[in-house]
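Structure first, then comments.
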Amino acid sequence: GKGNYRHFMEKELHEHPAVLGDTLRQYLDPKTLEVRLPRLPFDPARITRLTISACGSAFLAGMVGRYWIEQLARLPVDADVASEFRYRNPPLPEQGAAILISQSGETADNMAALRLLKEAGQRVLSVVNVPESSMARESDGALLTVAGPEIGVASTKAFTAQLAVLACLAIGFGRARRELSTLDEGRLAQTLLEVPSHAAAILEQDAQIRELAAEVAKARDVLFLGRGALYPIALEGALKLKEISYIHAEGYAAGEMKHGPIALIDSEVPVIALCPSGPLFEKTASNLQEAAARGGRVMAFTDAEGAKALSRFAERVIVLPQLGEFSTPILYAIPVQLLAYHVAVLKGTDVDQPRNLAKSVTVE
Ligand code: F6R
């Protein structure tokens with residue numbers, strides 16, 4: 001049941017810290033700070049290219065995975081939605097490898113992608129939440145997200161659990177390919193292990209996020225901006241808002257704003273920015289300043305250091321815990337999902353069963 005929560009989605013949002021802890025413990029040794037992966041169906045040191053295929057939020061997790069794997073393992077990654085991947089007749093390398101990501105493990109387009117990949121001689125690893133699912137069974141190997149059953153149609157804890165698995169894979173691949181030293185691995189593992197407690201701290205900021213939701217609920221259109229591995233999280237924020245509150249939202253790479261969407265900006269459009277301090281901060285902050293200069297209502301998620309610069313022009317700044325850059329996509333996914341939840345509650349929509357959507361999409 002829902003326990004003391006109003007919706008399954010609310011309950012599942014509050015399971016983020018536990019699920020992240022469980023999933024990380026599965027693949028990361030907290031004592032030695034080493035990633036421990038089960039035997040994979042391919043040798044990450046010997047592949048030249050990796051294909052990632054998924055749908056919806058799972059695809060957005062895959063996009064984050066691409067940033068991480070390319071960064072840490074120097075392995076070229078192609079990530080695409082299954083419904084495009086399967087029809088574009090992609091050239092695939094000999095002895096190539098693929099990762100499929102899915103909560104249900106039953107999504108029709110991704111099952112078709114799986115069969116196509118196997119026919120093309122690719123070794124397929126799936127990251128799934130349902131161990132007995134078709135995808136887990138038909139893949140050459142499966143890594144489980146330890147998210148437990150997800151009832152709300154909009155994916156929440158399964159998404160962050162997918163990110164946790166992909167983060168461990170990126171570190172494991174980096175080590176296998178000799179791109180990461182033991183020291184690097186330990187440092188990255190350490191920031192991952194801090195995610196669950198920071199996730200709990202973010203859930204404590206519920207009242208602040210509810211205040212932001214009250215503003216967002218009045219909007220007709222909302223823009224989410226992020227850069228680097230936070231760009232897919234901006235897409236996740238927009239997807240979740242559309243799906244459960246029915247407000248039109250778009251996610252954009254912060255640097256792309258000036259190539260089109262800036263034309264939309266006026267005092268009616270909330271611009272929700274994911275902008276932690278770090279190497280990409282200055283560039284994103286200047287994109288946001290441009291939006292503010294055009295009357296845009298900038299509402300930023302950042303950390304204490306970023307808040308100093310952003311509060312000069314942002315209408316609202318929500319200060320999140322500061323964590324190593326590597327782990328921020330996992331952490332920042334939580335407040336954007338929570339925001340969508342509160343907006344939907346304010347709008348009075350059917351949060352757990354949004355119109356026209358199914359939990360498991362078994363049609364193509
Ligand atoms: C978004 C959402 C969907 C699913 C997508 C894939 O909140 O829930 O976009 O992520 O339908 O489903 P799975 O992961 O079961 O393949």
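For region 113-134, filtering for residues that are open to solvent by less than 20 Å² (accessible area, probe 1.4 Å) and under 18 Å from A79 (Cα atoms) leaves 9.
Going residue by residue through region 97-111, is there one that turns out to be more than 16 Å from the ligand (Cβ to nearest atom), in a loop (DSSP other than H, G, I, E, B) and either under 20 Å from D140 (Cβ atoms) or polar (S, T, N, Q) (or both)? Checking region 97-111: not a single residue is more than 16 Å from the ligand (Cβ to nearest atom), in a loop (DSSP other than H, G, I, E, B) and either under 20 Å from D140 (Cβ atoms) or polar (S, T, N, Q) (or both).
Looking only at region 240-250, filter to residues that are surrounded by fewer than 24 Cβ atoms within 10 Å (Cβ to Cβ) and on the phi < 0 side of the Ramachandran plot; which one of those is nearest to the ligand (Cβ to nearest atom)? Full working, then the answer.
Just the residues of region 240-250 that are surrounded by fewer than 24 Cβ atoms within 10 Å (Cβ to Cβ), to begin with: 242-243, 246-248, 250.
Next, from what is left, pick out any that are on the phi < 0 side of the Ramachandran plot: 242-243, 247-248, 250.
Numbers: K242: 9, E243: 6, I247: 15, H248: 16, E250: 15 Å.
Per the criteria, the residue is E243.
Here L60 does not fit the description of being under 27 Å from L235 (Cα atoms), surrounded by 22 or more Cβ atoms within 10 Å (Cβ to Cβ), in contact (Cβ under 8 Å) with a residue 24 or more places away in the chain and more than 16 Å from the ligand (Cβ to nearest atom).
Of all residues in region 137-165, which are under 19 Å from A97 (Cβ atoms) and either among the basic types (K, R) or more than 12 Å from the ligand (Cβ to nearest atom) (or both)?
Looking only at region 137-165, we keep the residues that are under 19 Å from A97 (Cβ atoms), and these are 137-144, 162, 165.
Answer for region 137-165, where residues must be under 19 Å from A97 (Cβ atoms) and either among the basic types (K, R) or more than 12 Å from the ligand (Cβ to nearest atom) (or both): R137, E138, S139, D140, G141, A142, L143, L144, V165.
Taking interchain pairs and intrachain pairs at least six residues apart, which have beta carbon atoms under 7 angstrom, with the first residue in region 169-185 and outside any helix (DSSP H, G or I) and the second among the hydroxyl-bearing types (S, T, Y)? Cβ pairs passing all conditions: none. Selection of region 13-57 for residues being of a type in the set (G, A, S) and either open to solvent by 30 Å² or more (accessible area, probe 1.4 Å) or more than 16 Å from the ligand (Cβ to nearest atom) (or both) yields A18, G21, A45, G56. A search for C-beta distances below 6 Å between a residue of region 16-34 that is farther than 19 Å from T182 by Cα and any residue that is surrounded by fewer than 19 Cβ atoms within 10 Å (Cβ to Cβ), counting only pairs 6+ apart in sequence or on different chains, returns P17/A200. Only residues that are assigned to a loop (DSSP other than H, G, I, E, B), open to solvent by 10 Å² or more (accessible area, probe 1.4 Å) and of a type outside the set (V, I, T) were counted across region 135-152, and they come to 5. In this structure, does S155 turn out to be open to solvent by less than 10 Å² (accessible area, probe 1.4 Å) and modelled with pLDDT of 95 or more? The answer is no for S155.
The values are calculated or read from the model by the stated rules, or taken from the named source; none is laboratory data. Nothing here was measured: the structure is a model prediction, and the numbers come from that model. Counting neighbours? That spans all protein chains shown, and the Cβs are built from the backbone with ideal geometry, glycine included. Areas reflect the complete protein model, heavy atoms only, side chains present, ligands, DNA and RNA absent. Shrake-Rupley method; radii C 1.70, N 1.55, O 1.52, S 1.80 Å.
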